[in-house]
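Report on the structure given below.
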Amino acid sequence: QVQLAESGGGLAQPGGSLLLSCVGSGKMSDIRAMGWYRQTPGKQRERVADILLYDGSTIYADAVKGRFTISKDNTKNMVYLQMNSLTPDDTAIYYCNAISRWVVDGSVPEYWGQGTQVTVSS
């Protein structure tokens with residue numbers, strides 16, 4: 001089992017920045033990739049960015065390319081999301097995600113944090 005805990009959310013002004021952090025615990029050696037998702041009321045959770053733990057390859061949603069940066073520190077089991085040039089459309093609950101490297105009973109285990117609220121408003 002893997003547990004994830006996010007921190008760093010809060011209130012930012014349009015054009016401002018926030019840094020989100022996620023720390024993993026438990027069997028982190030089972031994890032292949034980690035990432036950030038976000039969700040607003042009435043909408044599906046959407047991927048923001050992913051990073052492969054073994055080589056640092058990254059994927060970004062079009063809406064955040066050039067503004068957000070995902071990074072990792074394998075020694076600390078940490079993943080970060082640096083968010084710059086924030087807009088009100090970035091307001092959401094942000095969730096940390098971890099994906100296992102194994103297939104168990106025909107599916108790939110996935111883990112989620114509790115989420116952290118990000119609000120962008122003047």
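The values are calculated or read from the model by the stated rules, or taken from the named source; none is laboratory data. Computed from a prediction, not measured in an experiment: that's the story for all the values here. Glycine gets a Cβ as well: all are built from the backbone with ideal geometry, and neighbour counts include every protein chain shown. Accessible surface areas use protein heavy atoms only, side chains included; no ligands, DNA or RNA. Shrake-Rupley method; radii C 1.70, N 1.55, O 1.52, S 1.80 Å.
For first residues located in region 104-115 and free of Cβ contacts under 8 Å to residues at least 24 places away in the same chain, partners that are buried (at least 17 other Cβ atoms within 10 Å of the Cβ) and among the β-branched types (Val, Ile, Thr) and lie 6+ apart or on another chain with Cβ distances below 6 Å form the pairs Glu110/Ile99.
Quick check on Val120: is it surrounded by 15 or more Cβ atoms within 10 Å (Cβ to Cβ), among the β-branched types (Val, Ile, Thr) and farther than 24 Å from Ser29 by Cα? The answer is yes for Val120.
Could you tell me whether Thr75 is under 21 Å from Leu11 (Cβ atoms) and among the polar types (S, T, N, Q)? In short, no.
You will find that of Gly26, Gly42, Gly56, the residue that is free of Cβ contacts under 8 Å to residues at least 12 places away in the same chain and out of contact with any Cys (no Cβ under 9 Å at 6 or more places or on another chain) is Gly42 and no other.
Region 1-111 holds strands (runs of 3 or more DSSP E) entirely within its bounds, and those carrying 1 or more residues that are more than 20 Å from Ser122 (Cβ to Cβ), modelled with pLDDT of 95 or more and open to solvent by less than 60 Å² (accessible area, probe 1.4 Å) map to 2-7, 18-26, 31-39, 46-52, 58-60, 68-73, 78-83, 92-100.
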